[in-house]
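Peer 1: Let me give you the structure first, and then I'll get to my questions.
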């Protein structure tokens, strides 16, 4: 089925770019626009811009750009149709669909199929929990014993998998799902040597669905509650998770991020715990800005996911000192990303789940405030306790702490921690700084390491967006930032002056072509009339110029929106780039100093004239280059004289244009 055009239009009109992006990134008002650190590439300074008037986003770092639909596609790695469905659900728009051909149906995106079967599985497990005797007596009893209310169960969509070999598989196959898609989703395990028979991955366990940032179920965590019939339950893992799939990479996701993201953004802080029940219990207690690493070591991707919503992270540990010491080594990754890290240690034998159930929500919150310590202070105190008075171990502690401090990108924060550490360790502050500088120099002389993480970094954005049968023409999904940075630099170096003048001319037409310089005379009519006989060299700009000329001949002026939503990605991205300003003029010029700075629109008559002159000058200079090249190949004196006269003619025009522009002529 395909979403009909009327519904697509309603979705586009309803979707607000600030609200949509704000669900995934913490935006800050900056003049008329909003900014943030880009979610599509790693950066410390915000270069991601959201324009609420034009309803577009643009990153000046990686080049990602588009509207609300494109943002959802890029951030979640889904097709056009699924992005529309996500927005329709967000804005409570009823989707009207129409039939598609068999050929179009075959093109249905594989990732979207996984989301569909995973959502079916979630609903199956919820139904088993509430509507079966086994689910109520085992699963529901367990959740109630832990104090999970019906509302909290609904919020996290908790469920139960029956203790039979293939209850879920049978149900899914009866509903028309294939064994292949069940296996790809990590829900079915094939018996060894058999391609047809298989059994459910999750059996006799309570189910914790794992959601991505957009709220889609991408995997499951399952806890066993009883021994199996053979009495071998002790040999089974307490928790069983979905395997890695096309939509689930455990190093990229945090349990509870969908339920917690708004609270994290509002409170500008994130609590990180270890397990599923820790997250659910804290939400039950009213502490909603909490997520879990689900038993995995904290990865760079997970750190950056938290960093989208807040720079402040507090890690809640139970009383296992040995485990904490091992984890301390990995937390330097958090410092490198510029996040502010704090640690809370619970009493022996307690974890966040047990402690909040024992003392209650208010006492728990009070404990977090009192017990919280910044990471450097906590690490220093912990290592000093072990070192005692042994000078060699103390020297090693100094080395470890300094090695953590130098990971902090902010120079002021580094200075503060050097000062605090010198007081705690009773050593000279300058000595710590010198040691830090020595380590930094050593790091800078080493080969640059590759991206860290449990797996190679997956490209995000338009490069890996597959085709959807619900979507627009295929070139909508073409790569928009292919090639390395070095290739882009080489291309930039090869661009001529004429290229930049053609670009400036087309930019003027796209942004201001419909503006009137005088009654009945538009910018488009004026500038096109002044460049008759000039054709553009760049194929994209030539194509756009032809579009303007053809429509102008029919007395039609193409509007900016036409190009902003163009089906060709290159034209769409060029337009969005021209519409988005990296810097904004401060309102203080007029409000405080009463200095009026004219805008580009105010000076369209002058800028149009200058654009025409510069384009003609660049065009003539290209003609002069061609004359000089042909002059070198001339075989007779007559040819030389003819080419020389042509060159002098062009030179005169160029000098006249330069004089008009006020250029210095060498």
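Peer 1: Tally up the residues in region 61-73 that are surrounded by 24 or more Cβ atoms within 10 Å (Cβ to Cβ) and under 11 Å from residue 39 (Cα atoms), please.
Peer 2: Number satisfying all stated conditions: 2.
Peer 1: Still on this structure, I have one more. In this structure, is residue 181 under 29 Å from residue 90 (Cα atoms), surrounded by fewer than 22 Cβ atoms within 10 Å (Cβ to Cβ) and touching a helix residue (DSSP H, G or I) at 6+ places or on another chain (Cβ under 6 Å)? Steps first, answer last, please.
Peer 2: Values: under 29 Å from residue 90 (Cα atoms): yes; surrounded by fewer than 22 Cβ atoms within 10 Å (Cβ to Cβ): yes; touching a helix residue (DSSP H, G or I) at 6+ places or on another chain (Cβ under 6 Å): yes.
Against the criterion (under 29 Å from residue 90 (Cα atoms), surrounded by fewer than 22 Cβ atoms within 10 Å (Cβ to Cβ) and touching a helix residue (DSSP H, G or I) at 6+ places or on another chain (Cβ under 6 Å)), residue 181 qualifies.
Yes/no matrix, rows are residues, columns are (1) on the phi < 0 side of the Ramachandran plot; (2) part of a helix (DSSP H, G or I); (3) touching a residue at least 60 places away in the same chain (Cβ under 8 Å); (4) touching a strand residue (DSSP E or B) at 6+ places or on another chain (Cβ under 7 Å):
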| site | (1), (2), (3), (4) |
| --- | --- |
| 599 | yes, no, no, no |
| 614 | yes, yes, yes, no |
| 624 | yes, yes, no, no |
| 628 | yes, yes, no, no |
| 639 | yes, yes, no, no |
| 652 | yes, yes, no, no |
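Peer 1: Would you point out the residue of region 223-238, among those that are modelled with pLDDT under 90 and outside any loop (DSSP other than H, G, I, E, B), that is surrounded by the most Cβ atoms within 10 Å (Cβ to Cβ)? Break it down stepwise before answering.
Peer 2: Residues of region 223-238 that are modelled with pLDDT under 90, as a first pass: 225-238.
Applying the additional criterion that residues be outside any loop (DSSP other than H, G, I, E, B) yields 233-235.
Values: 233: 14, 234: 9, 235: 9.
Across region 223-238, the extreme among qualifying residues is 233.
Peer 1: Of the numbered conditions (1) under 34 Å from the mean Cα position of the chain (by Cα); (2) over 25 Å from residue 599 (Cβ atoms), residue 550 satisfies every one except a single condition; which is it?
Peer 2: Only one criterion in (1) under 34 Å from the mean Cα position of the chain (by Cα); (2) over 25 Å from residue 599 (Cβ atoms) is unmet by residue 550, namely (1).
Peer 1: For region 367-412, which positions are crowded, with 16+ Cβ neighbours inside 10 Å and without any contact (Cβ under 8 Å) to a residue 12 or more places away in the chain?
Peer 2: 387
Peer 1: Still on this model: Checking the structure you have, find out if any residue of region 97-107 is at pLDDT 90 or above and either under 30 Å from residue 187 (Cα atoms) or surrounded by 21 or more Cβ atoms within 10 Å (Cβ to Cβ) (or both). Spell out how you get there, then give the answer.
Peer 2: Initially, region 97-107 is screened for residues at pLDDT 90 or above, giving none.
No, there is no match, as no residue in region 97-107 is at pLDDT 90 or above and either under 30 Å from residue 187 (Cα atoms) or surrounded by 21 or more Cβ atoms within 10 Å (Cβ to Cβ) (or both).
Peer 1: Next question, about the same structure. From the list 188, 118, 182, which residue is touching a strand residue (DSSP E or B) at 6+ places or on another chain (Cβ under 7 Å), free of Cβ contacts under 8 Å to residues at least 60 places away in the same chain and under 17 Å from residue 245 (Cα atoms)? Before the answer, list the steps.
Peer 2: Details: 118 fails: free of Cβ contacts under 8 Å to residues at least 60 places away in the same chain; 182 fails: free of Cβ contacts under 8 Å to residues at least 60 places away in the same chain.
Step by step, each of 188, 118, 182 is checked, and only 188 is touching a strand residue (DSSP E or B) at 6+ places or on another chain (Cβ under 7 Å), free of Cβ contacts under 8 Å to residues at least 60 places away in the same chain and under 17 Å from residue 245 (Cα atoms).
Peer 1: Looking only at region 117-147, count every residue that is outside any helix (DSSP H, G or I) and at pLDDT 95 or above and tell me the total.
Peer 2: The first filter runs over region 117-147 and keeps only residues outside any helix (DSSP H, G or I), leaving 132, 146-147.
From the residues that got through so far, the ones that are at pLDDT 95 or above too are 132.
Total meeting the criteria: 1.
Peer 1: Only residues that are touching a helix residue (DSSP H, G or I) at 6+ places or on another chain (Cβ under 9 Å) and under 30 Å from residue 526 (Cβ atoms): list them for region 628-653, please.
Peer 2: If the condition is that a residue be touching a helix residue (DSSP H, G or I) at 6+ places or on another chain (Cβ under 9 Å) and under 30 Å from residue 526 (Cβ atoms), then 646, 650, 651, 653 are the ones that fit.
Peer 1: If a residue has to be farther than 14 Å from residue 123 by Cα, surrounded by fewer than 17 Cβ atoms within 10 Å (Cβ to Cβ) and either under 36 Å from the mean Cα position of the chain (by Cα) or not assigned by TED's automatic domain parsing to the domain that holds residue 244 (or both) to count, how many in region 155-178 make the cut?
Peer 2: 3
Peer 1: Hey, which of the helices (runs of 4 or more DSSP H) in region 359-420, taking only ones fully inside, have at least 3 residues that are modelled with pLDDT under 90? Give the derivation first.
Peer 2: Numbers: elements: 361-371, 375-387, 391-405.
Because the criterion is at least 3 residues that are modelled with pLDDT under 90, the helices (runs of 4 or more DSSP H) in region 359-420 that meet it are 375-387, 391-405.
Peer 1: Something else about it: Take the residues in region 321-358 that are modelled with pLDDT under 85 and assigned to a loop (DSSP other than H, G, I, E, B); name whichever of them is surrounded by the most Cβ atoms within 10 Å (Cβ to Cβ).
Peer 2: 331
The values are calculated or read from the model by the stated rules, or taken from the named source; none is laboratory data. Because the structure is a prediction, the values reported are computed rather than measured. With ideal geometry, Cβ positions are generated from the backbone for all residues, glycine too; neighbour counts draw on all protein chains shown.
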